Amino acid sequence: MTEDINKSYVQRYVAKARSTDDENLQNNALYRAGTQMEVIPCDGNDKLTPEQRQTVLDAADKLLGGQ
């Protein structure tokens with residue numbers, strides 16, 4: 001992860017993912033957060049695997065201090 005990560009952007013999209021039960025909306029929000037943090041490929045594919053979803057959530061928790 002780089003120093004120029006927009007934390008408020010990541011926080012907003014992780015919160016959006018956690019606030020819905022719609023898997024498509026969760027994946028899209030986690031894709032946006034994950035590509036911002038550069039922990040998943042920025043390839044336009046927001047159909048995340050369970051492993052990718054967990055990677056994004058773990059990275060966000062680390063970045064945001066467990067918020």
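Points to keep in mind about this one:
- For Leu57, the stated conditions hold: it is surrounded by 14 or more Cβ atoms within 10 Å (Cβ to Cβ) and under 8 Å from the mean Cα position of the chain (by Cα).
- Looking only at region 1-16, and only at residues there that are touching a residue at least 24 places away in the same chain (Cβ under 8 Å) and not in a loop (DSSP other than H, G, I, E, B), the one that is most open to solvent (accessible area, probe 1.4 Å): Lys7
- Per the listing Asn6, Asn27, the residue uniquely in contact with an Asp or Glu (Cβ under 9 Å, 6 or more places away or on another chain) and polar (S, T, N, Q) is Asn27.
- Applying the condition of being out of contact with any Gly (no Cβ under 9 Å at 6 or more places or on another chain) and not in a helix (DSSP H, G or I) to region 17-40 and asking which residue is surrounded by the most Cβ atoms within 10 Å (Cβ to Cβ) yields Val39.
The values are calculated or read from the model by the stated rules, or taken from the named source; none is laboratory data. Only a predicted model underlies this, so the values are computations on that prediction, with no experimental measurement involved. Using ideal geometry, Cβ is built from the backbone for each residue, glycine included, and neighbour counts are taken over all protein chains shown. Surface areas here come from the heavy atoms of the whole protein model, side chains and all, with no ligands, DNA or RNA. Shrake-Rupley method; radii C 1.70, N 1.55, O 1.52, S 1.80 Å.
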